[in-house]
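Student: Right, I'll just put the structure down here and ask away after.
FYI, it's all coordinate maths here, none of it is from the lab. This one's a predicted model, so the numbers in the text were calculated from it and none came from an experiment. Glycine gets a Cβ as well: all are built from the backbone with ideal geometry, and neighbour counts include every protein chain shown.
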Amino acid sequence: MSKAEHARRAIFELIASDPNGDWSVREICERIYGRFDPLEAETVRRALQHMSLPGTWRLGWRTRAIRLYDPCSDARLADLEKRIEHLTKKGWHENAKACAEATSTLGRFLWGTINQ
């Protein structure tokens, strides 16, 4: 079995073991190989980029690193729900509406002075 195939199988096992997971390439290397090695990290990176991920799993950039995550996992949805509840309590939608109106008014004013 090639190194890439070994990495792919280990990634699928990792996803199956923790459906709410969110891992960087470094963390995946440490779980697969027990330590981080740049050459093994490149193997994992290439395996991730060339494999079709199950369900809603995605690769994305966060904190300057490629991360493997599921945006629809229960943990992420619970966190999103908590954030929305917090923002609703603060009245962010009212502030956003007032801000948009002020920006629009300022834009019309500036556009009118430029065109004169």
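Student: Could you bin all the Cα-Cα distances of the range 3-69 into 5 Å bins starting at 0 and give me the percent of pairs in each, rounded to whole numbers?
Tutor: With a bin width of 5 Å, the distribution comes to 3, 19, 34, 29, 13, 2.
Student: A follow-up question, please. Pairs of Cα atoms under 8 Å, at least six residues apart: use those to get the relative contact order of the chain, whole percent.
Tutor: On the way: 81 pairs, mean separation 27.5, N = 116.
Reported as a whole number, the value is 24 percent.
Student: With only Lys, Arg, Asp and Glu charged, each at its Cβ (+1 for the first two, -1 for the last two), find how big the charge dipole of the chain is about the Cα centre; round to the nearest 20 debye.
Tutor: Numbers: 19 positive and 16 negative charges, 66 e Å.
Dipole size: approximately 320 debye.
Student: Whole percent per 5 Å bin, from 0 to the bin with the longest distance: what is P(r) over all C-alpha pairs of the chain?
Tutor: 2, 10, 15, 15, 10, 8, 7, 7, 7, 7, 5, 3, 2, 0, 0
Student: Then there is this: Once the piece of chain linking Leu80 and Lys97 is laid out straight, how much longer is it, given 0.36 nm per residue of separation minus the C-alpha distance between them?
Tutor: Numbers: separation 17, 0.36 × 17 = 6.12 nm, distance 2.15 nm.
Full extension from Leu80 to Lys97 adds 4.0 nm.
Student: I've got another one for you. Starting with the highest mean, order 77-89, 16-28, 45-57 by the number of other Cβ atoms within 10 Å, averaged over the residues of each peptide. Numbers along the way, then the final one.
Tutor: Working: 77-89: 10.6, 16-28: 15.9, 45-57: 13.2.
Ranked from most to least packed, the peptides come out as 16-28, 45-57, 77-89.
Student: If you don't mind, there's one more thing I want to ask. Which residue, Phe12, Ser24, Ser104, has the largest displacement toward the positive end of the dipole of the chain when charges sit on each Cβ (Lys, Arg +1; Asp, Glu -1)?
Tutor: Ser104
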